[in-house]
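Below is one structure, written out as structure tokens, with a few remarks after it.
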Amino acid sequence: MKTFRKEDVVGKTVIETTGAVKGKVTDVTFDLNGTITLIVKGSDGNESQVTVAKVTGISDHVIVKVDQAGSGTTCKFCGATKPPDSIWCPSCGKSQV
């Protein structure tokens, strides 16, 4: 399996499997549970996080899976899937409003 260094990923454009451009990778983080997360800055200047579990490929761009409609949404802080109408993330506990 190919491995990637931070330098290999930072600056790449993140594209969702729907074709939508999510932004550019600005950093790579990890937590003590071993979850690796890409920090993505959108064209609006807002940052979001994408866990590597959602990454389907890295080449000239980073391709990420999106949640199926109706199955939940993604936490804007930790990238975990949460119920669509939830105002709190069940994973990190941060407010979504």
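The values are calculated or read from the model by the stated rules, or taken from the named source; none is laboratory data. In this text the structure is predicted, and so the values were computed from the model without any measurement. Every residue, glycine among them, receives a Cβ derived from its backbone with ideal geometry; neighbour counts consider all protein chains shown.
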Tell me, which strands (runs of 3 or more DSSP E) wholly within the chain include 2 or more residues that are among the hydrophobic types (A, V, I, L, M, F, W, C)? 13-16, 21-30, 36-41, 55-58, 61-64
Any hit, segment 65-73, residues being touching a Gly at 6+ places or on another chain (Cβ under 9 Å) and in contact (Cβ under 8 Å) with a residue 24 or more places away in the chain: no
Restricting the search to segment 44-62, which residues are touching a residue at least 40 places away in the same chain (Cβ under 8 Å), in contact with a strand residue (DSSP E or B) (Cβ under 7 Å, 6 or more places away or on another chain) and surrounded by fewer than 19 Cβ atoms within 10 Å (Cβ to Cβ)? His61
Within segment 82-93, how many residues are at pLDDT below 80 and either closer than 21 Å to Asp27 by Cβ or in contact with a Cys (Cβ under 8 Å, 6 or more places away or on another chain) (or both)? 3
Quick one: is Lys24 under 17 Å from Thr73 (Cα atoms), in contact with a Gly (Cβ under 9 Å, 6 or more places away or on another chain) and surrounded by 17 or more Cβ atoms within 10 Å (Cβ to Cβ)? no
